[in-house]
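Working notes, structure below.
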Amino acid sequence: MTHTRRLQLKTLPLILISIVLGPLGNVFLGKAMKGIGSVTSARILDLVPIASRVLASGYIWLGIACLLGFFIAHMLLLTWADYSYVQPATSLSYLSISILSYLLLGETISLLRWLGVAVICLGVFLVGRTSPRTTGAPNRG
Amino acid sequence: MVEAALFFLIVVAGTAGELCVSRAMKSIGEVHDFSLKSILSFVLQSLHLPWMWLGIALMSLGFFSLLAILSFQEVSFVVPVSALSYAAGAFGAKAFLGERINRNRWIGIAVVCIGVTIVWWSRK
């Protein structure tokens, strides 16, 4: 098995986990923040009561748990794969975020927005076909 | 204006934070096995690196900005627009991590930016 092939075998499952957990986390954060109400002030005095309400929301913690799982998968990927490969590859999540916001949050997604998301995914596909690593392997054991 | 400032923080602080984390990760080296023990030691190792903490601080700033914008904008709008971090990420990875961005990657990143523009037009 070539080194590139072996890299892809462990890279792809982790990317898949990232694609599901990351968007799910964002959907929960969105649900929590919509329940808090509009935050547009940057004054500390205004932010304190908002922060306490945010911390008391169950959805926030659910979202943070999902994002934490996403973050660990992401960190593992970054130990061997290029950042400029991982970031676009995991970003098929733009398709799953649209689907999840539609299903779980009831957001209406216009044709224009679906088109934009599809173009983003096309861009992701183009980047995803390049090699996972372009720099040397510094600490190969 | 508030919205633009928040998007700026999400994209720039978030991407700068990820670049710092990536730099920290590369100095640990490739992870070969996925036992709980080696993952834990990997996490502990990473917490000793200053780049990791700088990365966490910047990513936190990006995260709080994301929370703020989600309080008044749709998830299906905010998340795709924050894909602008692709362009920021590519420039940053080239300058800061020495990654070579070949022509195909640049084309992909350009297409992503076109997609972001289209999503921006769908703003409510």
- What is the distance, in nm, between label points placed 7 Å from the Cα along the Cα-to-Cβ direction at B:F72 and at A:V20? 3.6 nm
- Note on the structure: With every protein chain kept in place and a 1.4 Å probe, the stretch A:1-57 has an accessible area per residue in Å² of 57 Å²
- Query: lysines within cross-link reach of B:K94: Cα-Cα under 29 Å, excluding same-chain residues under 8 positions apart?
  - Reply: A:K10, B:K26
- Task: Take the protein assembly as shown, drop everything but the C-alpha atoms, weight them equally and run the Debye formula without solvent; then report log10 I(q)/I(0) at 0.10, 0.14, 0.15 Å⁻¹ to two decimals.
- Result: -0.49, -0.97, -1.12
- Query: Using 1/(1 + (r/R0)^6) with R0 = 41 angstrom and r between the beta carbons of A:T2 and B:H48, what's the FRET efficiency to the nearest 0.05?
  - Reply: 0.75
- Note on the structure: Simple spin-label estimate for A:L105/A:L9, 7 Å along Cα→Cβ, in nm, reads 3.9 nm
- Task: Could you state the angle between the C-alpha long axis of helix B:36-46 and the longest principal axis of the C-alpha atoms of chain B, as a value from 0 to 90 degrees rounded to the nearest 10?
- Result: 70 degrees
- Query: Hey, any idea what % of the stretch A:33-103's accessible area is carbon plus sulfur with a 1.4 Å probe?
  - Reply: 75 percent
- Chains B and A: how much accessible area gets covered up at their contact, both sides added, probe 1.4 Å, in Å² to the nearest hundred? 5000 Å²
- R0 = 22 Å: FRET efficiency of B:I107 with A:A118, Cβ-based, nearest 0.05? 0.85
- Would you mind checking which residues have amide H under 5 Å from A:W80's amide H? H placed 1.01 Å from N; only 5 or more apart, or other chain. B:V31
- Item | Built amide H within the under 5 Å cut-off of B:R100, gap 5+ | A:T134, A:T135
- Task: At a Cα cut-off below 13 Å, give the aspartates and glutamates reachable from A:K31, other chains included and same-chain residues fewer than 8 away excluded.
- Result: A:E107, B:E74
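The values are calculated or read from the model by the stated rules, or taken from the named source; none is laboratory data. Only a predicted model underlies this, so the values are computations on that prediction, with no experimental measurement involved. Backbone-built Cβ (ideal geometry, glycine too); neighbour counts: all protein chains shown. SASA here: full protein model, heavy atoms, side chains in, ligands and nucleic acids out. Shrake-Rupley method; radii C 1.70, N 1.55, O 1.52, S 1.80 Å.
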